[in-house]
1. Local charge sum around residue 157 (other residues, Cβ-Cβ under 13 Å, Lys/Arg +1, Asp/Glu -1)?
2. Quick one: net charge around residue 343, please, counting Lys, Arg +1 and Asp, Glu -1 for every other residue with C-beta under 13 Å from its C-beta.
3. Run the quick spin-label model on residue 211 and residue 304: label points 7 Å from Cα toward the beta carbon, then report their separation in nm to one decimal.
4. Which far-off residues, 5 or more places away or on another chain, put their amide H under 5 Å from the one on residue 121, with H placed in the peptide plane?
5. Count the lysine pairs in segment 291-356 whose Cα atoms sit under 28 Å apart, keeping only pairs 8 or more residues apart in sequence or on different chains.
6. 7 Å from Cα along Cα→Cβ at both residue 251 and residue 195: what's the point-to-point distance in nm?
7. At what distance in nm do the modelled label points of residue 407 and residue 338 sit from each other, each positioned 7 Å from its Cα along Cα→Cβ?
Amino acid sequence: MRNSRQSKMVTEENSHHKQAFGRVQQSGPNGHEYSFRISHTSETSHTNYDHPPPRLSSDCSPPLAASPTWDPSSSPCLDSSWDQSHQTSPLSRSPWTSHVENSSTNYSYTGLMGSLVREEGHIYSLAASGDLLYTGSDSKNIRVWKNHKEFSGFKSNSGLVKAIIIAGERIFTGHQDGKIRVWKVSGKDPSIYKRIGTLPTLTACIKSSLKPSKNVWIKHFDAISCLTMSEDQKLLYSSSWDKTIKVWRASDSKCLESIKAHDDAVNSIVVGFNGLLFSGSADGTVKIWRKESQGKGTKHFFSQTLLKQECAVTALAVDPSSSFLYCGSSDGLVNYWQRDKLLSHGGVLRGHKLATLCLAAAGNLIFSGSADNNICVWKRDGGEHICLSLLSGHSGPVKCLAVEEDQEKTGGDKQFIVYSGSLDKSVKIWRVSSKLVPNQAEVGMSPPQNVPSACSFATQGSCRVSQRRK
């Protein structure tokens, strides 16, 4: 960034090409490292904190969700109702422990269900599908959880796991070493995952080296920051800190196109609005790319710059109805645009004190995770947004989010299971109701009395209603 907020941010150090693109180390208030690029033109005088964040207690529950009057001394210790059966994991000597509520409830509430705590390393990526959760960290391992219990895992050998997406039977993982790895579940044993490929393929690399002028430049030369699929699942998009976006054919892993997208690191990409590709960068811009048929294939062309600002764009998300685009920035703001109004600027969500690091959308809810350790839950009603609640419990920046609808919930309103990965070495599991409920429970237990509702939190200054720009 190019303003006073620089002192609050830090980019993680790349394990290779350390001089490339002017990577800097900048510090957050607690010494945590944020895994997105700010700017290659930033100052380099800030201190690099490499001390680990505070460790969560293994025998007492973490801070509860969303209460501005929460007292740490009142946090109850975990009892036998919290599952600690990690020793049954098919992985020997697992570094994870599980503290998750077993009981299911049908009443509406927003609160913490439990935590998955890792003994070492930060959580950089999450992906959820049904009852499965995939977690990526700097250990180079991808862990698989089923119904919140450790189920399986697979190792990538090199490059910490920056992004995970699920496409049918395959799992794509993006890594710090600039490679994409492809995995598939064994047909005989669902707990066994096999690597079936690496992008770019060895054959493609050899061909490209023989005829570099006639072949697309297929390699990423810096960390992969984000992965996303086209709406028809036929194309895989990868973005990188090397300022490019690459387009891959999912069927045979062929690199079809390399887009020189931005003047600085590309931090996030997302597809929506009938095939448009959106990209957000450390150069402060959000760009739109349109896909057009060209001969037997397709090619992407620059359409317009949707946003241009001083601070870095850190996260993008499109709602499930493909009607709204959301953009998180290193200044803590979330901007949004409406499709039915010709992508006109809809407003700004102001709920965080530090950088917005990740976004997720489900139903009519939007979730924003931040370097201030909190998650804001926003509800969209027409074109307006209100903040339902502030999920507070992490002791480090919230780096990644994944959301699934709660299939066990019966009743009128929708509830969602939200997974949040943090640099405090934990994944927290939340149940979130899509409506405001008086005296809602803060944890997945019976609802306590005299607990402020989500509505009261939002009106006490923790989050503000979206404000439209003039």
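1. Values: positive: 140, 155, 179, 181, 195; negative: 177.
Neighbourhood net charge equals +4.
2. Working: positive: 287, 290, 339, 341; negative: 340.
Summing Lys and Arg as +1 and Asp and Glu as -1 gives +3.
3. 3.9
4. Under 5 Å from the amide H of residue 121: no residue qualifies.
5. Working: 291/299; 291/308; 291/341; 299/308; 299/341; 308/341; 308/353.
Value for segment 291-356: 7.
6. About 2.7 nm separates the two model spin labels.
7. The modelled label-to-label distance comes out at 3.5 nm.
Here, each number is a calculation from the coordinates, and none is a lab measurement. These numbers were taken from a predicted model, which means no experiment stands behind them. Quick reminder, even Gly has a Cβ in these numbers, built from the backbone with ideal geometry, and neighbours come from all protein chains shown.
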